[in-house]
1. Out of Leu63, Leu27, report the one residue that is at pLDDT below 75, within 31 Å of the chain's Cα centre (by Cα) and not acidic (Asp, Glu).
2. I'm told Arg73 meets every condition in (1) part of a loop (DSSP other than H, G, I, E, B); (2) among the basic types (Lys, Arg); (3) under 22 Å from the mean Cα position of the chain (by Cα) except one. Can you identify the failing condition by its number?
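The values are calculated or read from the model by the stated rules, or taken from the named source; none is laboratory data. Everything numeric in this text was worked out from a predicted model, so none of it was measured.
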Amino acid sequence: MSMAHFVRLEKRPEPAGVVSAASRFALEVLPVREDTLRRMSVGDLLQRLIADVSALAARQIELAKQEARDEARQRLRAIVLLVVGSVLLFLAVVSILVAIILAVSLVLPGWGAALVLFGGLAVVGGILALIGQRQLTRPLLPKTRQTLREDVEWAGHLTNSSEK
């Protein structure tokens, strides 16, 4: 006598220290005797199939939600680290600029040293900003646009040739 199997997705307790959403779910295979299946009406089989598929879909949705929450938490931590690191780097740049001003002030007055550094930074910053602006004003997705134009043209030839 052979056995058929039904699959059931079941929530299991979270092991200590495990963060993964996928680890919270297990597939459980429920054996069903073939003669039991043969005795079930088509309506009962369809009803069971719909219930099993529905339960599986609900579990998949629950798994996706949990995985999204876990991913959002991890991304938030990464963003916080990035912001804190960026602020510290900004403070380091300010510190080195103050050190440069103090070093140049040995040759020039303090205000002159600050003005020289300001001028240099303004020129470099302006050039970088212009380069960035030019890169942003280029059209987006040029290859995709060209491919779409070609596809529209090709489709137009097909419809024109089919109308003849």
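1. On the way: Leu63 fails: at pLDDT below 75.
Unique residue meeting the criteria: Leu27.
2. (1)
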